[in-house]
Amino acid sequence: MHPENRLTADVADALRRLDALPPGARRREAADALLDRVRGRDVHDELWVRMHVIDAGHGLPQRVADLEHVTWMLDRVEAAEADDAERLAVLWRAKCALDTMLATPACGLDAVEQLADRAERLATAAGLSTRSIALVRARCAGERGDAAAADLLLAAAAALPVDALADCPTCEAREVALVRVRSDRGRGVADLRRAVDAPRACHQEPRMSFGLLHALAARGGDEALARWASRRGRPAVLAWFDRGEDAPAAAAGHVVGLALRGRRRAAGRRALVLAGHPTFSGHDLEAYLLSSAVACALHRAPGSPGARPLPEAVEDLRRTAAARAHALAEAFDARSGTRHRRDELAELLAPPA
Ligand SMILES: [Zn+2]
């Protein structure tokens, strides 16, 4: 992934060894150690090593701590110390950092917009389209509950050209749908229905959209659409439950869909698998989606309130997941100044009919 001719030989070798490690904690530690060695030496060495630190997890800057690397790299781009390939690589990671910030309630929306301003300025100067950054602005307006501003910003984003900095069409369509669903659930669901048919898909799509569609259709009482989304998304979700692949948010959507559609035993069984997932204690938005799905399913599982009691260990899990989901919903709402997540959670945890 790095142009060898820009790197000193020992760093190029070290990065090749890093690339051979599977993504995860060990690769991240090795990348951090390498960064300690090259810090303050050659700009290109340090730039690529920082990118490897960011990418060592799952290929995206999922840790808030990585924002420091993104800021440092944007400084280099601003100072015209990066070449064309490096500029695109840095801006791509800045875009991912914006996703991480939106998914982290400790990051204020003003700070998200400031980073978006900066990325937009640098992308424009590099002759790149700011389509994906404009979509982030629309998502910020959606978070704030300003539907009119979000609509205008979505239209502005859609008018910009697609280029190397653009999101994949399915991911873009999904994010548009998720902005719209806040103010108009019917329209957002229809958008999501179209998103799963978008022409191209990346590694996380269309399974993510099928999971979200299953949950949203079930919440809206559209059994036919929920069943369709469940069936179409089923192979990818079963693969997740069997092999623990990434994108647990897709699996969370299916668990919510099953629980709300009265498939209580299946939802409960899968909730127990979700509860054991490592990101259950990681990324805030993912943790919210997972914990609210686990709470929703166990709340409705056979033996839940009103029926025979749940086994003690399962009841503990249910209580822990519900408390976690409530705390995260409050944190997201405190940032946005809305009741969006709390209302959503109240709907998921309403007494079963
Ligand atoms: Zn995608």
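The values are calculated or read from the model by the stated rules, or taken from the named source; none is laboratory data. Since this is a predicted model, take the numbers as computed values, not measurements. In this analysis, Cβ positions are derived from the backbone assuming ideal geometry, glycine residues included, and neighbour counts consider all displayed protein chains.
Observations
- The selection criterion, being within 16 Å of the ligand (Cβ to nearest atom), of a type outside the set (G, A, S), at pLDDT below 95 and surrounded by fewer than 21 Cβ atoms within 10 Å (Cβ to Cβ), does not hold for D242.
- Listed by position, the helices (runs of 4 or more DSSP H) enclosed by the range 99-180 that each have at least 2 residues that are within 16 Å of the ligand (Cβ to nearest atom) are 131-143.
- Residues that are surrounded by 24 or more Cβ atoms within 10 Å (Cβ to Cβ), more than 16 Å from the chain's Cα centre (by Cα) and within 16 Å of the ligand (Cβ to nearest atom) within the range 209-237 comprise just one, G233.
- Within the range 195-208, the only residue that satisfies the criterion of being in a helix (DSSP H, G or I) and within 9 Å of the ligand (Cβ to nearest atom) is M208.
- Some residue of the range 197-206 being aliphatic (A, V, I, L, M) and either in contact (Cβ under 8 Å) with a residue 60 or more places away in the chain or crowded, with 21+ Cβ neighbours inside 10 Å (or both): no
- Any hit, the range 15-27, residues being touching a residue at least 12 places away in the same chain (Cβ under 8 Å), surrounded by fewer than 17 Cβ atoms within 10 Å (Cβ to Cβ) and of a type in the set (G, A, S): yes
- Checking A159, A173, A155 one by one, the residue that is crowded, with 17+ Cβ neighbours inside 10 Å, free of Cβ contacts under 8 Å to residues at least 60 places away in the same chain and more than 20 Å from V256 (Cα to Cα) is A173 and no other.
- Which listed residue, of A111, A156, A173, is more than 19 Å from the chain's Cα centre (by Cα) and of a type in the set (A, V, I, L, M, F, W, C): A156
Quick grid of which residues meet (1) in contact with a His (Cβ under 9 Å, 6 or more places away or on another chain); (2) of a type in the set (S, T, Y); (3) surrounded by fewer than 20 Cβ atoms within 10 Å (Cβ to Cβ); (4) within 30 Å of A138 (Cα to Cα):
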{"position": "D36", "(1), (2), (3), (4)": "no, no, yes, no"}
{"position": "D45", "(1), (2), (3), (4)": "no, no, no, no"}
{"position": "D84", "(1), (2), (3), (4)": "no, no, yes, yes"}
{"position": "V90", "(1), (2), (3), (4)": "no, no, no, yes"}
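- No other residue among D45, D66, D32 is modelled with pLDDT under 90, in a helix (DSSP H, G or I) and either among the β-branched types (V, I, T) or touching a helix residue (DSSP H, G or I) at 6+ places or on another chain (Cβ under 7 Å) (or both) apart from D66.
- Qualifying residue in the range 184-194 (condition: touching a residue at least 40 places away in the same chain (Cβ under 8 Å), within 16 Å of the ligand (Cβ to nearest atom) and under 24 Å from T130 (Cβ atoms)): no
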